[in-house]
Amino acid sequence: MPGMGAVASTLIAGVMQARNNDVAPIGSVTQMAHIRLGKREENRNPLIRDFVPLAGLDDIVFGGWDPISPNMYEAARTAGVMSDSDLAAMSSELEGIVAMDAVFEQRWVSRLEGVRVKTETNKFAQAEALMADIERFRVENECDRLVMVWCASTEAYQEASAVHDTVAAFEEGLRNNDENIAPSQIYAYAALMSGVPFANGAPNLTVDLPCIVELAGREGVPICGKDFKTGQTLMKTLISPGLKSRMLGIRGWYSTNILGNRDGEVLDAPENFMTKEVSKLGVLGAILQPELYPRLYGEIDHKVRIDYYPPRGDDKEGWDNIDIFGWLGYPMQIKINFLCRDSILAAPLVLDLALFMDLAKRAGESGVQEWLSFYFKAPQAGEAGPEHDIFIQQTKLKNTLREWMGEEPVTHSEAG
Ligand SMILES: NC(=O)c1ccc[n+]([C@@H]2O[C@H](COP(=O)([O-])OP(=O)(O)OC[C@H]3O[C@@H](n4cnc5c(N)ncnc54)[C@H](O)[C@@H]3O)[C@@H](O)[C@H]2O)c1
């Protein structure tokens, strides 16, 4: 994992707990969810992890890069997600995961001062150094396969430019230190060139670029992104398809959050918040289809705010005010006050993505993995555009697994 912060350290601590103390990996679909096979009366409902050949928790080795955290124990202590007493039992194991020096440039994350940073100044040389890290990690830990999941900070807002058009242009840009190439793109390039699938947990473009899509196809490696779907956006994608299924109208959706962790601090910089805002705002339009339903969803005011508020640490609080309308146009309101824990929600997603991306590679998949849209706020997708409705995403994920394993997709139809 590039990024050894709150999410990465919470993930690892949870996996350690699950394998040492048999603590349930709650929130992880790969570990906890069942999948129905065939007709309902056949009563075949295995666990997903028994149905598809996923790597087991005991077989996973973790590693990471970070420009600040020295090791996973310090990362977990700084993040403050878990109590010191919970961490104590795992302290030496977590301390043993020492950060590799990061490819880092402050221009992309103005609020952070990097200290554990690679000395190479040329971007192509930085990519080569990352590939050497990947190879060293593979050999030292005797890994058969690797997956990279971006758990590092959100980078400043950026749009794709000419250097991102093709692999050739991108490689030329790396050699010329093109200023439009962000660190996350260098990690993605290094991963794909090493045959390692890449999932992007932050809203940066990273793998959502023509050059990286081309490279993933050429090297036969799966990619997916972007921005873990947790917290307020998870709620949005749970509630809006429900309102739409009953043809209830929506006039406005105002969302605000307070968050006090390092992620919140990074997002306090306007250029980094903009990256997040774009990712969060796309959700409602895609679910509600205002072009098909202009009278219900044609005039929505959708606002999203995040305020950095240190006293709360990782314990985010979100408020949503939803102005809806029903029969005869009469207005109603829904208020949601979600007191969540950001990293507790995100950690199991990283585990699932790592295991599913590894499975996808073994299934011979390459390029964008739309069936993993379930996990993302701004899913990367083909020409038809992204699917945001979490229930359609879940069906797509499960049907993909069924088809890979030679089972019929479940359509829920009564006609068949
Ligand atoms: N927690 C959630 O619910 C959630 C949801 C969606 C997206 N995310 C995204 O996941 C990412 C991680 O979140 P977090 O709460 O763990 O943040 P965090 O700030 O605790 O950790 C991020 C870490 O990345 C490191 N970093 C920054 N630039 C780097 C680079 N170039 N290379 C390697 N490491 C680098 C930072 O030093 C930091 O330790 C953020 O981008 C966040 O926006 C989190």
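The values are calculated or read from the model by the stated rules, or taken from the named source; none is laboratory data. Keep in mind that what you see is a predicted model, and the values were worked out from it rather than measured. Note that each Cβ is placed from the backbone with ideal geometry, even for glycine, and that neighbours are counted across all protein chains shown.
Picking from 90, 32, 100, which residue would you name as being modelled with pLDDT of 95 or more and in contact with a helix residue (DSSP H, G or I) (Cβ under 8 Å, 6 or more places away or on another chain)?
Working: 90 fails: modelled with pLDDT of 95 or more; 32 fails: in contact with a helix residue (DSSP H, G or I) (Cβ under 8 Å, 6 or more places away or on another chain).
Exactly one residue qualifies, and that residue is 100.
Residue check, residue 50 against (1) surrounded by fewer than 13 Cβ atoms within 10 Å (Cβ to Cβ); (2) under 23 Å from the mean Cα position of the chain (by Cα); (3) part of a helix (DSSP H, G or I), all met but one. Which one?
(2)
What number of residues within the range 208-230 are more than 16 Å from the ligand (Cβ to nearest atom), surrounded by 24 or more Cβ atoms within 10 Å (Cβ to Cβ) and not aliphatic (A, V, I, L, M)?
Result for the range 208-230: 1.
Within the range 330-346, work out how many residues are surrounded by fewer than 13 Cβ atoms within 10 Å (Cβ to Cβ) and touching a residue at least 12 places away in the same chain (Cβ under 8 Å).
Of the range 330-346, the ones surrounded by fewer than 13 Cβ atoms within 10 Å (Cβ to Cβ) are 330-333, 335, 337, 339.
Filter once more, so that each one left must be touching a residue at least 12 places away in the same chain (Cβ under 8 Å): 331, 333, 335, 337, 339.
Of the residues in the range 330-346, 5 are surrounded by fewer than 13 Cβ atoms within 10 Å (Cβ to Cβ) and touching a residue at least 12 places away in the same chain (Cβ under 8 Å).
Name the single residue that is surrounded by the most Cβ atoms within 10 Å (Cβ to Cβ) among those in the range 231-250 being in contact with a helix residue (DSSP H, G or I) (Cβ under 9 Å, 6 or more places away or on another chain) and outside any helix (DSSP H, G or I).
Among those that are in contact with a helix residue (DSSP H, G or I) (Cβ under 9 Å, 6 or more places away or on another chain) and outside any helix (DSSP H, G or I), it is 250.
Among the residues of the range 320-341, how many are assigned to a strand (DSSP E or B) and closer than 30 Å to residue 260 by Cβ? Don't jump to the end; show me each part of the working.
Keep residues of the range 320-341 that are assigned to a strand (DSSP E or B), which gives 320-325, 331-339.
With the extra rule that they be closer than 30 Å to residue 260 by Cβ, the set shrinks to 320-323, 333-339.
Of the residues in that region, 11 qualify.
Tell me the residue from 55, 13 that is surrounded by 17 or more Cβ atoms within 10 Å (Cβ to Cβ), within 24 Å of the chain's Cα centre (by Cα) and within 16 Å of the ligand (Cβ to nearest atom), please. Outline the logic, then answer.
On the way: 55 fails: within 16 Å of the ligand (Cβ to nearest atom).
The unique qualifying residue is 13.
Where residues in the range 377-393 are out of contact with any Cys (no Cβ under 9 Å at 6 or more places or on another chain) and closer than 18 Å to residue 199 by Cα, which of them is modelled with the lowest pLDDT? So that I can check it myself, show each step before the final result.
Just the residues of the range 377-393 that are out of contact with any Cys (no Cβ under 9 Å at 6 or more places or on another chain), to begin with: 377-378, 381-393.
If we keep only those that are closer than 18 Å to residue 199 by Cα as well, we get 377-378, 381-382, 386-388, 393.
Working: 377: 93, 378: 92, 381: 93, 382: 87, 386: 91, 387: 91, 388: 90, 393: 95.
Ranking the candidates gives 382 first.
Does any residue of the range 298-314 turn out to be away from the ligand (no atom under 15 Å from the Cβ), surrounded by fewer than 19 Cβ atoms within 10 Å (Cβ to Cβ), in the same structural domain as residue 223 (by TED's automatic domain parsing) and touching a residue at least 24 places away in the same chain (Cβ under 8 Å)?
So far as the range 298-314 goes, no, none of its residues is away from the ligand (no atom under 15 Å from the Cβ), surrounded by fewer than 19 Cβ atoms within 10 Å (Cβ to Cβ), in the same structural domain as residue 223 (by TED's automatic domain parsing) and touching a residue at least 24 places away in the same chain (Cβ under 8 Å).
Which numbered condition trips up residue 233, out of (1) β-branched (Val, Ile, Thr); (2) within 16 Å of the ligand (Cβ to nearest atom); (3) under 25 Å from residue 146 (Cα atoms)?
The failed condition is (3).
Step by step: first the residues of the range 156-167, then only those that are modelled with pLDDT of 95 or more and out of contact with any Lys or Arg (no Cβ under 8 Å at 6 or more places or on another chain), then the one that is surrounded by the fewest Cβ atoms within 10 Å (Cβ to Cβ). Which residue is that?
Within the range 156-167, the match that is surrounded by the fewest Cβ atoms within 10 Å (Cβ to Cβ) is 162.
Given 44, 40, 19, which one is farther than 20 Å from residue 395 by Cβ, free of Cβ contacts under 8 Å to residues at least 60 places away in the same chain and either within 16 Å of the ligand (Cβ to nearest atom) or in the same structural domain as residue 349 (by TED's automatic domain parsing) (or both)? Before the answer, list the steps.
Working: 44 fails: farther than 20 Å from residue 395 by Cβ; 40 fails: farther than 20 Å from residue 395 by Cβ.
Of 44, 40, 19, the one residue that is farther than 20 Å from residue 395 by Cβ, free of Cβ contacts under 8 Å to residues at least 60 places away in the same chain and either within 16 Å of the ligand (Cβ to nearest atom) or in the same structural domain as residue 349 (by TED's automatic domain parsing) (or both) is 19.
Can you find, within the range 171-185, the residue that is farthest from the ligand (Cβ to nearest atom) among those that are assigned to a helix (DSSP H, G or I) and surrounded by fewer than 24 Cβ atoms within 10 Å (Cβ to Cβ)?
Here is the first cut: in the range 171-185, the ones assigned to a helix (DSSP H, G or I) are 171-175, 183-185.
Next, from what is left, pick out any that are surrounded by fewer than 24 Cβ atoms within 10 Å (Cβ to Cβ): 171-175.
On the way: 171: 20, 172: 22, 173: 17, 174: 15, 175: 20 Å.
If we take residues in the range 171-185 being assigned to a helix (DSSP H, G or I) and surrounded by fewer than 24 Cβ atoms within 10 Å (Cβ to Cβ), then 172 is farthest from the ligand (Cβ to nearest atom).
Every residue in the range 104-150 that is in contact with a helix residue (DSSP H, G or I) (Cβ under 8 Å, 6 or more places away or on another chain) and closer than 14 Å to residue 60 by Cα, please.
143, 145, 146, 147, 148, 149
When you scan the range 374-392, how many residues do you find that are free of Cβ contacts under 8 Å to residues at least 24 places away in the same chain and not hydrophobic (A, V, I, L, M, F, W, C)?
Going through the range 374-392 one residue at a time, the tally reaches 2.
Got a number for residues in the range 330-344 being within 14 Å of the ligand (Cβ to nearest atom) and in contact with a Lys or Arg (Cβ under 9 Å, 6 or more places away or on another chain)? Step through it out loud before you land on a result.
The first filter runs over the range 330-344 and keeps only residues within 14 Å of the ligand (Cβ to nearest atom), leaving 338-344.
Narrowing further to those that are in contact with a Lys or Arg (Cβ under 9 Å, 6 or more places away or on another chain): 338-342.
Counting residues in the range 330-344 that are within 14 Å of the ligand (Cβ to nearest atom) and in contact with a Lys or Arg (Cβ under 9 Å, 6 or more places away or on another chain) gives 5.
Could you tell me whether the range 393-403 includes any residue that is hydrophobic (A, V, I, L, M, F, W, C) and more than 17 Å from the chain's Cα centre (by Cα)?
First, the residues of the range 393-403 that are hydrophobic (A, V, I, L, M, F, W, C): 397, 401.
With more than 17 Å from the chain's Cα centre (by Cα) added as a condition, the list becomes 401.
Checked the range 393-403: at least one residue is hydrophobic (A, V, I, L, M, F, W, C) and more than 17 Å from the chain's Cα centre (by Cα).
Given (1) within 10 Å of the ligand (Cβ to nearest atom); (2) surrounded by fewer than 19 Cβ atoms within 10 Å (Cβ to Cβ), identify the lone condition not met by residue 99.
All conditions pass for residue 99, except number (2).
Name, by its number, the condition in (1) touching a strand residue (DSSP E or B) at 6+ places or on another chain (Cβ under 8 Å); (2) surrounded by 17 or more Cβ atoms within 10 Å (Cβ to Cβ); (3) within 29 Å of residue 17 (Cα to Cα) that does not hold for residue 277.
Evaluating residue 277 over (1) touching a strand residue (DSSP E or B) at 6+ places or on another chain (Cβ under 8 Å); (2) surrounded by 17 or more Cβ atoms within 10 Å (Cβ to Cβ); (3) within 29 Å of residue 17 (Cα to Cα) leaves (3) as the failure.
Quick one: in the range 58-87, which of the residues that are in contact with an Asp or Glu (Cβ under 7 Å, 6 or more places away or on another chain) and part of a loop (DSSP other than H, G, I, E, B) is surrounded by the fewest Cβ atoms within 10 Å (Cβ to Cβ)?
Checked the range 58-87; the qualifying residue surrounded by the fewest Cβ atoms within 10 Å (Cβ to Cβ) is 80.
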